[in-house]
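> Can you read through this structure? Questions will come right after.
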Amino acid sequence: MFVWVFHRVSGLLLIVLLGIKFFTSFFLMTKDQKPDWALVLHTNKLTDSLLIILVVYHALYGLRTVIMDMGARREKLLFWVFTILGVVLSAGLLVLYFTRNY
């Protein structure tokens, strides 16, 4: 039951965080002086980390839901497989994000 709730909450958080990213990028695309608040929000490592984790979680548990809707009966096994896959994928993407050189 809690997976369903977290899946919905992650979708709402993704809408908010992507909205922040799109909104701040609008202000950063100008050739004039860029606002400091937009630069701080757009380059915030916490926001980017949350986006990575939430996208992975939402995508994988969406796939899990589709598989269960198709008739898979092993709910616990699917939960653990997608949880382990999500942790590994999130960790790998976060390592790539924090070690980039640009």
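> Rounded, prolate or oblate for the chain? Axes are the square roots of the Cα gyration tensor eigenvalues, ordered a ≥ b ≥ c, and the cut-off for rounded is a/c under 1.5.
Prolate shape, in that a/c is at least 1.5 and a/b is the bigger ratio.
> Let me ask another. Considering only Gly19, Phe6, Trp80, whose Cα is most displaced toward the positive end of the charge dipole of the range 1-88, charges sitting on Cβ of Lys, Arg (+1) and Asp, Glu (-1)?
Trp80
> A further question follows. Quick one: 3J(HN,Hα) in Hz for the range 6-20, Karplus 6.51/-1.76/1.60 with θ = phi - 60°, rounded, Gly and Pro as x.
Residue by residue, the range 6-20 yields 5, 5, 5, 5, 5, x, 5, 5, 4, 4, 5, 5, 5, x, 4 Hz.
> Straight-line reach from Lys45: which aspartates and glutamates have Cα under 20 Å away, leaving out those fewer than 8 places along the same chain?
Straight-distance partners of Lys45: Asp36.
> Where in the range 17-51 does the label zone of Phe98 land, with the point 7 angstrom along Cα→C-beta and an amide N cut-off under 18 Å?
43-51
> Tell me, what HN-Hα J-couplings in whole Hz come from the Karplus equation 6.51 cos²θ - 1.76 cosθ + 1.60 at θ = phi - 60° for each residue of the range 71-86, using x for Gly and Pro?
x, 5, 9, 8, 5, 5, 5, 4, 4, 6, 5, 6, 5, 5, 4, x
> What are the ³J(HN,Hα) couplings of the range 22-35, residue after residue, when phi is run through the Karplus curve with 6.51, -1.76, 1.60 and θ = phi - 60°? Round to Hz, x for glycine and proline.
Computed from phi, the couplings for the range 22-35 are 5, 5, 6, 5, 4, 6, 8, 7, 6, 8, 6, 5, 8, x Hz.
Read-outs throughout are calculated quantities, based only on the coordinates presented, and are distinct from any laboratory measurement. Everything quoted here is computed from the prediction, not taken from an experiment. Positions of Cβ are backbone-derived with ideal geometry, glycine not excepted, and every protein chain shown enters the neighbour counts.
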